[in-house]
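Right, one structure below, let's go through it.
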């Protein structure tokens, strides 16, 4: 049975516009709105360089995925590609790991929602908001994919307009429209542009790179895209460019409008969004509350998208025969409900860790970071094998091509592995890679003792 036939049942109802907005929804989340506080604390204003380097790695990964997704537009995405071009173990492990990473990321996102609501309701326990938001997102994902696509597009648009407004207002403050100009002095006034040197820039990149993790959703949604051969490459190019512009300008505004130590977070604890703190500092009425509403919407959007991704990965694993058959079933609306329910585990983890407050977020976030380093490395390894196997006539007609192949893929792999090793020196992330290696060992045991014989019998 071919891969597209194996994954029948899902509905191809997502447009190119919805693919782009869903990808924005998955990528622009707590990595920017909350995690940026930690990256600024590590690198100071030099974090701008970290975001440029992160964009470079993300562009490499985006081009690699767009190539493969235009040839194989299936819900299993890079997991299916790894199965086909690397090995069944790689296909199983990268899908399980991506499911694990996104499940943990869901927990981090809903934990962030609890922290955000604390801005308005400091006396209410975070777990109250976590449970309420989890129920809302589950209900949305239980609807058909068209409803999901429309709602996620609107939530992503809130993010885009809010970031644009933030950039415009911040720019006005910097150049002095309506009040004395702030200027650029904050970029160098508090220990210089690189207060922690180039080491700070590199270590900040270990967290910055996660702000771009989410663009792979474009490849996953290819299984439900109306015209994937055209829409997936277009959406991937669009999301990479938009993220680079949004991230660089937004972070530039933060470290220019206010002294960077006032928004930085250190010690492995996160207490709130630097976006909200910037508006609090400039004294414009209600802007802090407005931005807090925006970051809550952003977190909910990311939870919504990540839950979608998780459910499709488990669906794909079931259709490949790796996990029980019930997870590959779909209801009358084309929703893999059993896979959806299994993927809600991250929300339960968030509730359990809510008692740890700010440190609970960074613990969950760090584990997801380590898992995504493995996923991105596997994607780039798969892309190298994909290119080797692709017939020359098919290569010539690809709608998007990775430049300077295979050098770019190799450079991406080296950078990601170096970043993974560097997490040992980032406060709050020291144990995330070792903990992830335990997970990787468990998946290897699972494969070799329970799945290997089945994988050998699967059609190529």
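The values are calculated or read from the model by the stated rules, or taken from the named source; none is laboratory data. Because the structure is a prediction, the values reported are computed rather than measured. Heads up, the Cβs are rebuilt from the backbone with ideal geometry, glycines too, and the neighbour counts pull from every protein chain shown.
Worth pointing out:
- The single residue among 123, 152 that is without any contact (Cβ under 8 Å) to a residue 12 or more places away in the chain and more than 28 Å from residue 440 (Cβ to Cβ) turns out to be 123.
- When residue 170 is tested against (1) crowded, with 17+ Cβ neighbours inside 10 Å; (2) modelled with pLDDT of 90 or more, only condition (2) is not met.
- So residue 127, is it under 27 Å from residue 290 (Cβ atoms), surrounded by fewer than 15 Cβ atoms within 10 Å (Cβ to Cβ) and modelled with pLDDT under 85: no
- Count of region 136-159 residues which are over 22 Å from residue 334 (Cβ atoms) and either touching a strand residue (DSSP E or B) at 6+ places or on another chain (Cβ under 6 Å) or surrounded by fewer than 16 Cβ atoms within 10 Å (Cβ to Cβ) (or both): 1
- The listed residues are 407, 380, and the only one of them that is crowded, with 21+ Cβ neighbours inside 10 Å and on the phi < 0 side of the Ramachandran plot turns out to be 380.
Conditions tested, residue by residue: (1) assigned to a helix (DSSP H, G or I); (2) in contact with a strand residue (DSSP E or B) (Cβ under 9 Å, 6 or more places away or on another chain); (3) modelled with pLDDT of 85 or more.
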position: 54; (1), (2), (3): yes, no, yes
position: 57; (1), (2), (3): yes, no, yes
position: 102; (1), (2), (3): yes, no, no
position: 121; (1), (2), (3): no, no, yes
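Residue-wise test of (1) within 24 Å of residue 58 (Cα to Cα); (2) modelled with pLDDT under 85.
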residue	(1), (2)
399	yes, yes
402	yes, no
412	yes, no
415	yes, no
425	yes, no
450	no, yes
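- Only one of the numbered conditions (1) assigned to a loop (DSSP other than H, G, I, E, B); (2) surrounded by fewer than 21 Cβ atoms within 10 Å (Cβ to Cβ); (3) under 25 Å from the mean Cα position of the chain (by Cα) is not met by residue 293, and that is (1).
- Filter result for residue 400 (at positive phi and in a loop (DSSP other than H, G, I, E, B)): no
- Qualifying residue in region 17-30 (condition: surrounded by 24 or more Cβ atoms within 10 Å (Cβ to Cβ), in contact with a helix residue (DSSP H, G or I) (Cβ under 8 Å, 6 or more places away or on another chain), assigned to a helix (DSSP H, G or I) and modelled with pLDDT of 70 or more): no
- Selection from region 362-397 of residues that are closer than 13 Å to residue 68 by Cα, more than 26 Å from the chain's Cα centre (by Cα) and part of a helix (DSSP H, G or I): 388, 389, 394, 395
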